[in-house]
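The structure appears below as structure tokens.
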2 protein chains.
Amino acid sequence: MGSLYSFAFGLKFSVIKKKNSMLHCICQQATWFLLTFFFLKLSDGGKVLVIPMDGSHWLSIQPVMERLHHRGHQVIAVVPDANLLIKPSDHYIVKTFAVPYSTEYLKTELQKLGYKVFVHQPFLTRITETLARIRNITMIYLNNCKQLLYNKDLITYLQDSKFNVVVMDPLSPCGQIVAEYLSIPSVFYSRGIPCGLDAEATKCPNPLSYIPKFFTGSTDHMTFNQRVNNVLFGSFQSMVCNLVYSPFEGLIKEFLHRDMTVVELYSQASIWLLRYDFVFEYPRPIMPNMILIGGINCAKEKPLTQEFESILEKSGEDGVVVFSMGSMLSEIQMKKAMEIAKGLGTIPQTVLWRYTGEAPINLANNTKLFNWLPQNDLLAHPKTRAFITHAGSNGIYEGICHGVPMVLIPLFGDQADNAVRIESRGAGIKLDAVKMTSKDLSNALRTVIYDKRYKENIQRLSSLHLDRPVEPLDLAVHWVEFVMRHKGAPHLRPAAHDLNWIQYYSIDVIALLLAATFLFLFISLKSCLFCCKKCFCKSARLSKKSKSKSQ
Amino acid sequence: MGSLYSFAFGLKFSVIKKKNSMLHCICQQATWFLLTFFFLKLSDGGKVLVIPMDGSHWLSIQPVMERLHHRGHQVIAVVPDANLLIKPSDHYIVKTFAVPYSTEYLKTELQKLGYKVFVHQPFLTRITETLARIRNITMIYLNNCKQLLYNKDLITYLQDSKFNVVVMDPLSPCGQIVAEYLSIPSVFYSRGIPCGLDAEATKCPNPLSYIPKFFTGSTDHMTFNQRVNNVLFGSFQSMVCNLVYSPFEGLIKEFLHRDMTVVELYSQASIWLLRYDFVFEYPRPIMPNMILIGGINCAKEKPLTQEFESILEKSGEDGVVVFSMGSMLSEIQMKKAMEIAKGLGTIPQTVLWRYTGEAPINLANNTKLFNWLPQNDLLAHPKTRAFITHAGSNGIYEGICHGVPMVLIPLFGDQADNAVRIESRGAGIKLDAVKMTSKDLSNALRTVIYDKRYKENIQRLSSLHLDRPVEPLDLAVHWVEFVMRHKGAPHLRPAAHDLNWIQYYSIDVIALLLAATFLFLFISLKSCLFCCKKCFCKSARLSKKSKSKSQ
């Protein structure tokens, strides 16, 4: 393991990044190395257990699983038998466990959500519904986890398989419970956990003064009011975090026979592979076991099919706009769809819209609907002028990779914050899904396409993002294999894990030093007073004596 | 710039790390790529200004300068004309500026220091002398800096040269003053600044509860007393920091016409290349612009000369012990030298001792003195059983790279802390330079050689250290070139730099929230009291009335 692969990385890096002719020639000659060995099983071969989440989370972890397979490892994914996007593949074995709902149920729930996000709801209703949704998702995760843990055949199979590592999505703690049960080191694969559980579990400092909490919509430059809001929201999120994750603590006790909080459970992770890059995220402290692999999903683009190639060709100088609301949501209410279609019809670009619902009756000639779009490949095409996105982090990284300015219509989750990040960097315009009119959409599209600053800004971000010593996918695979080779990464675990919060913040030390200071001041004051008193008494006695003598 | 080089890195990486036969074959076939292009000037060629420090600091920055030269950049080092180790080379141009002392003076001062560190001095004398030495070194740095900045010819030359980047050692702020004056982005190259200026300047959280301050001799697992000591020592070090660096603030004002503290000056650095690796340093938070390149000095070993090869051959099964007190110190007091020689004579290994002083008369047959040792190459040899070192970080990294257990005799600076780090990991034994007897040395050597745990521990550290996705030298060069390509790395600068300390620690927000809470409690209490009073009065009136009625 961990071998000639680096060579292939380096080669790929140089092929992409340099147009120098001599270099190009050499690269061509060397390409056979890449082609011959890139897909060969070069490593010694270990066993990787993957416990992923569904949806875009699954799509983002897939390349790592495929690469691990190419590296000669056996990759086994354990997933519920009802899911949205998880499909079998030659690259990994999918083991399912039964869950008490169907794929159809998931699709219907998602469709309902899709309709709701475009409709105005009073603030309180929205909050209540969000909390109800969180509770519902928590219960689904919890039940799924129980179904997995108490599936005797599956657990016996996992025990017998002697895995070297568990790669898991920490949105649900289930993977780490399995890792603890099987005594296998784990690698977490995540974009971060919105309520800050990741920072707590890694002991990563998280100053609220310049690190905006998710869902606040703030940037890293906050006004005083925004900072107050950030602190208050931070506390609120901790409560939500507790609401979401505390039910798992019972399960931990039940299954592992240990008293352990979810934070303690998560602190056992050897490595956190975080889909972070500071062209997108705000610069902040990180810990040694956090490996940043933002942009991992922007694989080198594949050639487009004839159909798409011909559309792009026909678009002429105006080019095309790519429009997708992500892997989870592909149809919306007709009223909103018509509003959007009206906006799209006002621009000279051809619009490629991923939409599976009924076609809006006012769809303009420039707008073409597709059940599926090769999003990354389209964004990589030089004719793509703009990208309308729901601001999911995968899509945003693809936009950054290929330097395409964005119109961002966030729907739920971290998407509103993602949109703020891109807007704050002058690389896109954020629209409100509910309030947005066709004119807003049209104006936003025209601005990001014709105001050169948007293109310049996204290209600057792109060049910074792509200028890296190792490709994120290679980095991710290196660290998974590192954990396999060394049975974890304990040398990256800070001693902070062995301190309670009073010790961590040195509150006991500060209390002692303050007490010592006050004691010192008190004794000094008392001594002074005593001396003064003595002197005063003496002088008083002396003056009395002298007075009595003079009398 | 930033091109096919990665390919060469990858190839080198794979050649070193994998012995797989198929791979090996391919590597051989591919070697011509490496050989042909590794030393060719592949990059577009920029201009790099280096403002280094003397001694081991210079030795550690040299490989980066050489590699930058091989990458096609013009590298110019600006150094005082009196120095200890800085020599001209084909790889870089050395520009000197006059200083009012000679190389001979530096050598004499160093010799004096070398004699002193092995002699017992009362605590107070040691402190006074250390402070005096710090003041002296500060004045030398300050005067050197003045000599550089007010050397009109040199400054005109630097201005005309249109450098792309300044690579500097932040032990003295002079390089950053030059960078500011020339408006060039800078890369800091350091192992950290002992008094914590680096953490302050990068806004890197530095919890005193598990990050031991330099010179405390603590590990990352501290007792309560050690934590109290760490906090107190932290404050003391801040004062020392101020003592050392505040004189430069006048110079900044004088030369740059700006009111700027040294912390503010240092916060302008684009990238900090830190000679850090967590097999040696204690895991702690880092910032996005901190790039960890610990072990950069363990270049692939070169073949040994016939002389050394023959000594190693003759040493038989017992092997050899390598003994060096670093690049700065190569002779000590005769009394101590004899004590050491006596200890060395008791072990069956052949000892290779770098020692330029008069040979101790009791030197045993197994001990051979040399004016200079190819330390890294010797440590890489399988016959090397142990390494006696002054615990400088360069030497320690070489010991870790090659998996050689160590006997550590720290002398000054960060060496005592380095020694504690290695000892705490069970990979070496620390001795006290003053109190150490020949028996202590002999026992320590026998223990690290014959107690297998030391070898196992250092080999474990070594395997963790060497298992990395990019070689540290390649990483360092990548980031220097990154700064050249993008004219800095502003996307890695945290927003914390734009906050004052009250804002950073959210003291204003906490004060407001506390005030609001107290106000709320006060109003609630007052309202309650008012209500109670009303109720009480009413009931009192009623009871009075009823009483009067009943009467």
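The values are calculated or read from the model by the stated rules, or taken from the named source; none is laboratory data. All values reported here derive from a predicted model rather than from experimental measurement. Positions of Cβ are backbone-derived with ideal geometry, glycine not excepted, and every protein chain shown enters the neighbour counts.
Screening A:GLY45 with (1) surrounded by 19 or more Cβ atoms within 10 Å (Cβ to Cβ); (2) within 14 Å of another protein chain (Cβ to nearest Cβ); (3) at pLDDT 80 or above gives one miss only, at (1). Those helices (runs of 4 or more DSSP H) of region B:178-269 in which at least 3 residues are surrounded by fewer than 16 Cβ atoms within 10 Å (Cβ to Cβ), considering only elements entirely within it, cover B:224-256.
Of the residues making up region B:86-102, those that are under 25 Å from the mean Cα position of the chain (by Cα) and either surrounded by fewer than 14 Cβ atoms within 10 Å (Cβ to Cβ) or of a type in the set (Asp, Glu) (or both) number 2.
Once region B:114-135 is narrowed to residues that are of a type outside the set (Phe, Trp, Tyr) and exposed (fewer than 12 other Cβ atoms within 10 Å of the Cβ), the residue that is farthest from B:VAL434 (Cα to Cα) is B:ALA132. With respect to A:TYR266, determine if the residue is more than 14 Å from chain B (Cβ to nearest Cβ), in contact with a Pro (Cβ under 9 Å, 6 or more places away or on another chain), among the aromatic types (Phe, Trp, Tyr) and under 30 Å from A:ALA496 (Cβ atoms). The answer is yes for A:TYR266.
Can you pull out the residues in region A:200-238 that are small (Gly, Ala, Ser), within 30 Å of A:LEU256 (Cβ to Cβ) and modelled with pLDDT under 95? Quick ask: steps written out before the conclusion?
Here is the first cut: in region A:200-238, the ones small (Gly, Ala, Ser) are A:201, A:209, A:217-218, A:234-235, A:238.
From what's left, within 30 Å of A:LEU256 (Cβ to Cβ): A:201, A:234-235, A:238.
Once the filter is applied, which keeps residues that are small (Gly, Ala, Ser), within 30 Å of A:LEU256 (Cβ to Cβ) and modelled with pLDDT under 95, region A:200-238 yields A:GLY234, A:SER235, A:SER238.
All of (1) out of contact with any Leu (no Cβ under 8 Å at 6 or more places or on another chain); (2) outside any loop (DSSP other than H, G, I, E, B) hold for B:GLN121 with one exception: (2).
Quick grid of which residues meet (1) out of contact with any Cys (no Cβ under 7 Å at 6 or more places or on another chain); (2) in a helix (DSSP H, G or I):
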| residue | (1), (2) |
| --- | --- |
| B:THR108 | yes, yes |
| B:LYS112 | yes, yes |
| B:ARG126 | yes, yes |
| B:LEU131 | yes, yes |
| B:ASN136 | yes, yes |
| B:LEU148 | no, yes |
| B:SER172 | no, no |
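Filtering region A:320-333 for residues that are over 27 Å from the mean Cα position of the chain (by Cα) and surrounded by fewer than 21 Cβ atoms within 10 Å (Cβ to Cβ) leaves a non-empty set.
Among the residues of region A:451-464, what is the count of those that are in a helix (DSSP H, G or I) and more than 9 Å from chain B (Cβ to nearest Cβ)? Residues meeting the conditions: 9. For B:LEU232, the conditions (1) within 14 Å of chain A (Cβ to nearest Cβ); (2) in contact (Cβ under 8 Å) with a residue 12 or more places away in the chain; (3) of a type outside the set (Phe, Trp, Tyr) all hold with the exception of (2). On inspection, A:VAL480 fails the criterion of being over 26 Å from A:ILE347 (Cα atoms), touching a residue at least 24 places away in the same chain (Cβ under 8 Å) and outside any helix (DSSP H, G or I). Which one is modelled with the lowest pLDDT among residues in region B:57-85 that are surrounded by fewer than 21 Cβ atoms within 10 Å (Cβ to Cβ) and small (Gly, Ala, Ser)? My answer is B:ALA82.
Could you list all residues from region A:292-308 that are in contact with a Pro (Cβ under 9 Å, 6 or more places away or on another chain) and either surrounded by fewer than 22 Cβ atoms within 10 Å (Cβ to Cβ) or facing chain B (nearest Cβ under 9 Å) (or both)? Talk me through it step by step, then tell me what you get.
The initial filter retains those residues of region A:292-308 that are in contact with a Pro (Cβ under 9 Å, 6 or more places away or on another chain), namely A:292-299, A:301-302, A:304-305, A:308.
Hits for region A:292-308 are A:LEU292, A:ALA299, A:GLU301, A:LYS302, A:LEU304, A:THR305, A:PHE308.
Looking at region A:388-426, which of its residues are touching a strand residue (DSSP E or B) at 6+ places or on another chain (Cβ under 6 Å) and either of a type in the set (Ser, Thr, Tyr) or farther than 27 Å from A:THR350 by Cβ (or both)? If the condition is that a residue be touching a strand residue (DSSP E or B) at 6+ places or on another chain (Cβ under 6 Å) and either of a type in the set (Ser, Thr, Tyr) or farther than 27 Å from A:THR350 by Cβ (or both), then A:THR389 is the only one that fits. None of A:THR156, A:THR96, A:THR103 is free of Cβ contacts under 8 Å to residues at least 12 places away in the same chain and of a type in the set (Val, Ile, Thr) except A:THR156. Within region A:465-474, can one find any residue that is among the β-branched types (Val, Ile, Thr) and outside any helix (DSSP H, G or I)? Checked against the condition, which is being among the β-branched types (Val, Ile, Thr) and outside any helix (DSSP H, G or I), region A:465-474 yields at least one hit.
This table checks each residue for (1) crowded, with 20+ Cβ neighbours inside 10 Å; (2) farther than 30 Å from A:ILE291 by Cα.
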site: B:ILE409; (1), (2): yes, yes
site: B:SER424; (1), (2): no, no
site: B:ASP432; (1), (2): no, yes
site: B:ASN443; (1), (2): no, yes
site: B:LYS452; (1), (2): no, yes
site: B:HIS478; (1), (2): yes, no
site: B:PHE482; (1), (2): yes, no
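For region B:483-504, residues that are part of a loop (DSSP other than H, G, I, E, B) and out of contact with any helix residue (DSSP H, G or I) (no Cβ under 7 Å at 6 or more places or on another chain) total 6. Number of residues in region A:270-291 that are part of a loop (DSSP other than H, G, I, E, B) and within 13 Å of another protein chain (Cβ to nearest Cβ): the value is 14.
Which strands (runs of 3 or more DSSP E) does region B:337-431 wholly contain that include 2 or more residues that are free of Cβ contacts under 8 Å to residues at least 24 places away in the same chain and more than 23 Å from the chain's Cα centre (by Cα)? Steps first, answer last, please.
Details: elements: B:350-354, B:367-370, B:384-389, B:406-408, B:428-430.
Of the strands (runs of 3 or more DSSP E) lying wholly inside region B:337-431, those with at least 2 residues that are free of Cβ contacts under 8 Å to residues at least 24 places away in the same chain and more than 23 Å from the chain's Cα centre (by Cα) span B:367-370.
Across region A:484-516, which residue is nearest to B:GLY426 (Cα to Cα) among those that are more than 7 Å from chain B (Cβ to nearest Cβ) and surrounded by 18 or more Cβ atoms within 10 Å (Cβ to Cβ)? In this case the residue turns out to be A:ALA489.
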